[in-house]
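Participant: Below you'll find the structure I mean.
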Amino acid sequence: MPVNRTKLANVAMAGALALGAAVSTVSLTTQAHAVGSSSVNGAISRDEIIARAQNWVDQGVPYSQSLWHSDSNGSYRQDCSGFVSMAWHLGSSRVTSTLDDVSTKLGSLDDLKPGDMIDNISTHVVLFAGWTDGSHNTAVIYEEPKPGLTARKTTYSRSYLISGGYMPYRYDNTVDSAPLPPKQNAVGWGAQVVVNGGGNVFHSTRSSNGSWTGFGNVESAAGDIGAVQSIADAGINGDTHVLAVGGDGNIYHTIRHSGGSWDRFSDIGPQTNQLGSVTKVSAVSIGGDLHVLAVANGRLFHTARLANGTWMHFGDITPAGGPVTSASAASVNGVLQVVAVSDGTVLHTVRAVDGNWSGWGNAYDAAGNIGPAQDVAVAGTGADAQIVVVTNDGRQFHGVRYGNGSWQQFAELAPVIGSFTANRVSAANVDGEFQAVFITNDDRIMHTIRDGAGSWDPAAPIQLNGVSGNHYAVSIGGTYN
């Protein structure tokens, strides 16, 4: 889609494969992008193992002991052991009785982590994704189940696994997280701020010494995407990734590289499933992956751009109840946490490494009811999630969800950062500090910092040199240059 148009108005069981089985031609024509950045038989993160498994689920790859599914992720036999071989990015499709040659048996089912396998070497193997609760009575698994079915995500009871003779194993090249690429030419941390001004996107950097660059028009470098609505940004390895909702209601993505150059805006819809009518986006980086939230037609969706540049499909994570009007994402000790405003109430959830989401919890029940919310932002500092809420009357409140799951009560910020009336908020971890920006009802953009000791700087207006028009959205992210 071109981006140079004029501005728009705002708008179960399977036998082991016999060694002599014949190789067939490709069974499906569904196109798939490579998932993750691992190499064949190389180190692979748990996130990537689960993402590769989900990729076959998304494609609906049917079970077969004689067919191979080929795409940019490799070519693998379409049975249970071929599925695990694919997820582990092995060089060939092993069978249930040889997968233990490249893995280590664990002491107990309770030692399982996402990406490990549960194998009965004479019958069937599945990929472990997590437990449904702390009792470890029900396992979430991925599998190629049996003829007539396709790759799926389902559950097995612990009693079924034990009675079926299943044993836990861990692939020898599994690593716990995807490493962040090495920093290049780092010159110090900075806060990257993007502002919607009159339907255009503007960008500035606040350096660690407190100075700001002038705001530059992003679309003059990355392409005109119409009357921009919501915006979001996040830093990865010195680059700043920017998401913007264009005049057509679609989400566009660009990267500001560490040297200051910009990629052209591209519509992420063809890779993620087009949502349309998006009104809010939020983004955060975890390792080399970019996690994105989108509010569309009152529902909340999640996707991720993996480190190799491919995108996951949007998944609907909408909480029960009223429509979602705002949402924000944070990396908290490398785990994605999300807050959302639904029917004026702030809700909270956590996405585990295996991709499973916790049930939505009511932050007002945990940290105090401060009245109807119109916007919310969250950022992680260490094991804590720092949350700022803007209420319908423009007041700002701060609370914390600690690493142990307890909450610090919401407290009004005016006594510590100064009094103003706001309508929008964004927050980020910038080199260990919690930084927040607000749009005020008189069209200023205020900035404040909460240091590691919990002290706040008075909020100060950002000099919007180069920004034209009224401000409808603001976002802050952190990079190291």
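Participant: Rg and Dmax of segment 44-175 over Cα atoms: what are they, in angstrom?
Facilitator: Reported Rg and Dmax, both Å: 13.3, 39.
Participant: If you don't mind, another one. How big, in percent, is the set of alpha carbon pairs in segment 84-142 lying more than 19 Å apart?
Facilitator: So the portion of pairs separated by more than 19 Å is 28 percent.
Participant: Can you list residues from other chains, or at least 5 along the same chain, whose modelled amide H is less than 5 Å from the amide H of GLY478?
Facilitator: Hits under the 5 Å cutoff: GLN192, GLY235.
Participant: If we sort 38-51, 357-370 on the protection proxy, mean other Cβ atoms within 10 Å, highest first, what's the order? Provide the component values of the computation, followed by the final result.
Facilitator: Numbers: 38-51: 20.0, 357-370: 16.3.
Going from most to least packed, we get 38-51, 357-370.
Participant: Right, here's the next one. Measuring from centroid to centroid over Cα atoms, what is the spacing of segment 331-366 and segment 126-163 in Å?
Facilitator: When both Cα centres are located, 24 Å separates them.
Participant: Another question, then. Taking the Cα centre of segment 295-423 as origin, work out the dipole magnitude from +1 charges on Lys and Arg Cβ and -1 charges on Asp and Glu Cβ, in debye rounded to 20.
Facilitator: On the way: 5 positive and 8 negative charges, 48 e Å.
That gives a dipole near 220 debye.
Participant: Same structure again: How long is segment 203-326 along each principal axis, judged by its Cα atoms, biggest number first, in Å?
Facilitator: Computed over segment 203-326, the largest-to-smallest principal extents equal 45, 31, 28 Å.
Participant: For segment 432-443, what does the Karplus curve 6.51 cos²θ - 1.76 cosθ + 1.60, with θ = phi - 60°, yield as ³J(HN,Hα) per residue in whole Hz, taken in order and with x for Gly and Pro?
Facilitator: Residue by residue, segment 432-443 yields x, 9, 8, 10, 9, 10, 10, 9, 8, 5, 9, 6 Hz.
Participant: Given the DSSP H assignment, sum -39500 (n - 2.57) over each helix run of at least 4 residues in the chain and divide by its residue total; what's the result at 222 nm in deg cm²/dmol, nearest 500?
Facilitator: Details: 7 runs with 46 residues, N = 481.
Calculated at 222 nm, the ellipticity per residue is -2500 deg cm²/dmol.
Participant: While we're looking at this one, here's another question. Using θ = phi - 60° and the Karplus form 6.51 cos²θ - 1.76 cosθ + 1.60, what ³J(HN,Hα) does each residue of segment 80-85 get, whole Hz, x for Gly and Pro?
Facilitator: Residue by residue, segment 80-85 yields 4, 6, x, 4, 5, 4 Hz.
Participant: When only C-alpha pairs under 8 Å and at least 6 residues apart count, what is the relative contact order of segment 44-175, in percent? Each step should come with its number before you reach the end.
Facilitator: Values: 274 pairs, mean separation 38.0, N = 132.
Value for segment 44-175: 29 percent.
Participant: Applying 1/(1 + (r/R0)^6) with R0 = 56 Å to the Cβ-Cβ distance of SER207 and ASN41, what FRET efficiency is obtained, to the nearest 0.05?
Facilitator: Working: r = 43 Å, r/R0 = 0.77.
Efficiency for this residue pair is about 0.80.
Participant: So, by mean Cβ neighbours within 10 angstrom, what's the order for 191-199, 456-464 with the highest one leading?
Facilitator: On the way: 191-199: 23.9, 456-464: 16.0.
Ranking, from highest mean packing down: 191-199, 456-464.
Participant: Can you give the charge dipole size of segment 74-130 about its Cα centre, rounded to the nearest 20 debye, using +1 on the beta carbon of Lys and Arg and -1 on the beta carbon of Asp and Glu?
Facilitator: Working: 4 positive and 7 negative charges, 35 e Å.
Dipole magnitude for segment 74-130 comes out near 160 debye.
Laboratory data are not the source of any read-out in this text; all were calculated from the coordinates shown. None of the values given here were measured: they were computed from a predicted structure. Methodologically, a virtual Cβ is constructed for each residue, glycine included, from the backbone with ideal geometry; neighbour enumeration extends over all protein chains shown.
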